[in-house]
Structures are given as structure tokens and as C-alpha cells.
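Only one structure is covered here, and it is reproduced in the block below.
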Amino acid sequence: MSSGLRVRRLDRNAWQELVVGVADHHYRQSWDYSVAAASRIGAQNESLAILVDDEIRGLANVRVKSLPFVRAGVAYLSGAPLVRRKGSTIPYARALGDCLRALKQEYANQRSYVLRVVCPPAIEAVVREQEQVLLEQGYRATEEAQRYRTLVLDLAKSEEELRKDLAQKWRNCLNSAEKNPLEVRRGSTDELFETFQSLFDELRERKWFDVDMGPAFFREVRREQPEDEAFVVHIAEANGIPVAGHVGAFLGETAVYLLGASTRAGNDLKASYLLQWNALLHARALGCREYDLGGIDPEENPGVYRFKQRMGGPERLGALPSELRPGLPGRGLLLAEPAYR
């Protein structure tokens with residue numbers, strides 16, 4: 001690889017040691033989540049350090065899925081590469097460009113894989129940089145991965161300011177919840193995950209919906225996680241009976257709302273409002289800078305969108321998912337990919 005640019009495979013210990021110094025680290029690039037997410041689609045996880053002349057430029061967990069009958073496959077980066085290393089003086093765009101070039105050489109050029117990249121969520125100015133660098137490196141927008149759209153709350157604000165930002169209707173519901181006979185439990189134990197699973201199953205049967213990664217997936221990942229990366233469950237109880245639950249990730253600078261569920265009794269007691277507020281304050285106490293409300297879909301899920309939108313955070317749109325296709329083999333495997341799924 002030219003210009004001293006190369007990738008180095010990492011084991012779990014090396015990854016955990018290096019990622020401590022990364023400001024844009026988040027749950028989707030944590031070791032245990034990445035391994036589990038790859039396994040559920042029949043892929044392998046490859047953990048990499050990207051180096052320039054032995055100096056680390058970035059890190060990435062890559063889901064690699066080989067396709068049958070062809071010596072090729074798909075390499076997918078979910079929220080990577082991570083390049084915001086604390087203390088680094090390398091400009092963001094330069095570090096990102098070096099990483100994308102190294103990944104292109106490794107997967108597209110050497111291994112004839114389609115390389116698909118969803119960059120880490122970021123503010124609008126950084127997203128523009130990401131898209132510009134992707135174009136410069138030859139990546140093109142793809143519809144094979146979904147563009148991330150969400151709402152984000154600024155946790156640098158005081159608790160009073162955050163409460164003032166809430167829409168009046170949302171704040172009224174929170175006030176009601178705080179007066180209701182509700183108690184909130186928090187933790188990462190199997191017992192709390194099982195309680196949330198029961199709440200989620202009841203909601204799913206009532207609302208007729210499903211999700212790709214449900215409570216069971218996050219519970220299994222949690223069993224492998226170190227304590228400082230653990231998914232956290234909040235459960236609201238009324239007279240000792242669970243009526244609503246919340247699962248969140250509190251890793252790095254951004255906390256993320258992952259799953260929520262409420263019974264009819266929980267709805268009457270406004271328990272989901274109390275849980276969101278408790279999760280937000282927990283994130284703030286841990287030193288998180290932002291609270292990501294976990295994605296929005298105003299067209300397909302308007303009720304949940306209104307609930308999140310009334311919390312007062314601005315909308316954030318991630319960079320366009322992009323990919324590289326490695327010539328003729330790449331075109332063939334793109335045809336094979338849907339069948340293999």
C-alpha cells in the first residue's frame with residue numbers, strides 16, 4: 001500500500017485499549033455489538049487499525065460477508081471509520097481520507113469486495129466533510145443501506161434549559177408522570193432485560209410490528225460487554241408492576257435510545273415520558289454530550305416521531321451511505337447479494 005498506509009488486524013484486547021482514545025466511539029462500533037451484528041447475518045467481524053507510517057489514523061470494525069461461488073463479497077462499515085482520536089492534530093478530512101483509501105485498497109482492490117460505508121453520525125458541517133471526502137475517494141451513494149435520520153438533544157444545557165425546551169404538551173405529560181405513583185429502576189441485569197422483553201412482547205402483539213434487533217439481541221450482547229460499555233435498561237413500575245421500559249446505549253459522547261415499550265396502564269400513567277427524562281438525565285450525569293433519540297420516520301411512524309420531536313432537539317441527517325464496486329466481479333456479486341440474503 002502506498003505512502004506508508006496500511007491496515008492492521010486487532011484482537012479484542014488491542015481494540016479495547018486503542019478505542020479508549022477515540023472521541024467518536026459509539027455502540028455500533030463496540031467490539032461485542034459488532035461481533036454479534038455480523039454473526040446474525042452470517043458475516044465475520046474484522047477489527048482494524050489504519051496506520052500511516054506506523055501512526056494510527058483511525059479504527060474500524062468491518063462486517064465481512066463472503067458470497068458463494070465467487071471469490072468476493074461485501075464489506076460493511078456501520079458508523080465507521082472512527083478518526084477523531086483525542087489529542088490528534090490531523091485535520092478530520094485528511095484522517096478520514098487516509099482511512100477510506102486504506103479500506104479501499106484492502107477490500108475493493110485486493111479482495112474484490114463491494115465496500116459499503118455508513119459514516120459516524122455527526123453535525124451538519126462534519127457530514128458535508130464526510131460526503132466530500134467519500135466522493136474524492138471514488139465512493140458513490142447507494143440505496144443498499146439506509147440514511148440515518150434522527151433528533152438529537154444537547155446535554156451541555158442545564159436541566160432547567162432541557163426542560164424548558166420540551167414542547168408544552170410533552171412537559172405537561174412529564175409533570176403528570178412525576179405526580180403518578182411510578183418508581184424507576186435502572187440497571188443492566190438479565191432480570192431487567194427479561195422484564196423489558198415481556199413489556200416489548202406485549203406491545204408487539206398489540207401493535208403488530210417487529211424490529212430487526214429486538215431485546216433478545218441486546219441482552220445477548222450485554223452478557224459479553226465490559227461494564228463501561230453496557231446497555232442500560234430503565235423500567236417504570238406502578239405499585240411494583242412493570243408498566244414501561246427503555247433500553248439505551250451510553251457509550252462515548254452520545255447516548256442513544258434503542259428500544260421502548262409501554263403497557264396500556266403505562267400509557268395512562270405517562271410512564272414513557274418519565275423514562276425518557278430519566279434516561280436523558282442519566283446520560284448527562286455520565287458526561288455524554290448528546291442524546292440521540294434513535295432515529296425517526298415521520299411518514300411510516302408519525303406517532304413516535306411526534307413524541308420525539310416534542311422533546312425539542314433539532315433534526316440531524318447522516319451522510320449518504322456510499323460504496324465502492326470493484327469492477328466486473330463487483331457487478332456480479334451485486335446480483336448475487338439479494339439471493340444470498
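The values are calculated or read from the model by the stated rules, or taken from the named source; none is laboratory data. Computed from a predicted model, the values in this text were never measured in an experiment. For neighbour counting, all protein chains shown are included, and Cβ atoms are generated from backbone atoms with ideal geometry for every residue, glycine included. To get the accessible areas, we keep the full protein, side chains included, count just its heavy atoms, and leave off ligands, DNA and RNA. Shrake-Rupley method; radii C 1.70, N 1.55, O 1.52, S 1.80 Å.
Along Cα→Cβ, 7 Å out, is where each label goes; now give me the distance between the ones at GLU227 and VAL304 in nm to one decimal.
3.2 nm
In Å, the Kirkwood hydrodynamic radius of the chain over pairs of distinct alpha carbons?
21.2 Å
Provide the descending list of Cα extents for the stretch 232-304 along its principal axes, expressed in whole angstroms.
On the principal axes, the stretch 232-304 reaches 34, 33, 14 Å in Cα extent.
Using helices alone, I'd like the mean residue ellipticity at 222 nm for the chain: each DSSP H run of four-plus residues gives -39500 (n - 2.57), total over residue count, nearest 500.
Taking each H run of at least 4 residues, the total per residue is -11500 deg cm²/dmol.
Any chance you could list the semi-axes, whole Å, largest first, of the equivalent ellipsoid that the Cα gyration tensor gives for the stretch 1-58, using √(5λ)?
22, 14, 9
Counting heavy atoms of the protein chains only and a 1.4 Å probe, report the per residue accessible area for the stretch 198-272 as a whole number of Å².
Working: 3380 Å² over 75 residues.
Per residue, the stretch 198-272 has an accessible area of 45 Å².
Return the Cα extents of the stretch 33-129 along principal axes one, two and three, sorted largest first, each rounded to a whole Å.
45, 26, 22
Can you tell me which lysines have their Cα less than 20 Å from the Cα of LYS179? Leave out same-chain residues fewer than eight positions away.
Here the lysines satisfying the reach criterion relative to LYS179 are LYS164, LYS169, LYS270.
Using 0.36 nm per residue, how much length does the chain from ARG149 to LYS207 gain when fully extended, once their Cα-Cα distance is taken away?
Here the segment from ARG149 to LYS207 would lengthen by 18.6 nm.
So what's the stretch 81-238 giving for Cα Rg divided by 2.2 N^0.38 Å, two decimals?
Normalised Rg, Cα atoms only: 1.42.
For a distance above 15 Å, tell me the whole-number percent of Cα pairs in the stretch 82-139 that qualify.
So the pairs more than 15 Å apart make up 50 percent of the total in the stretch 82-139.
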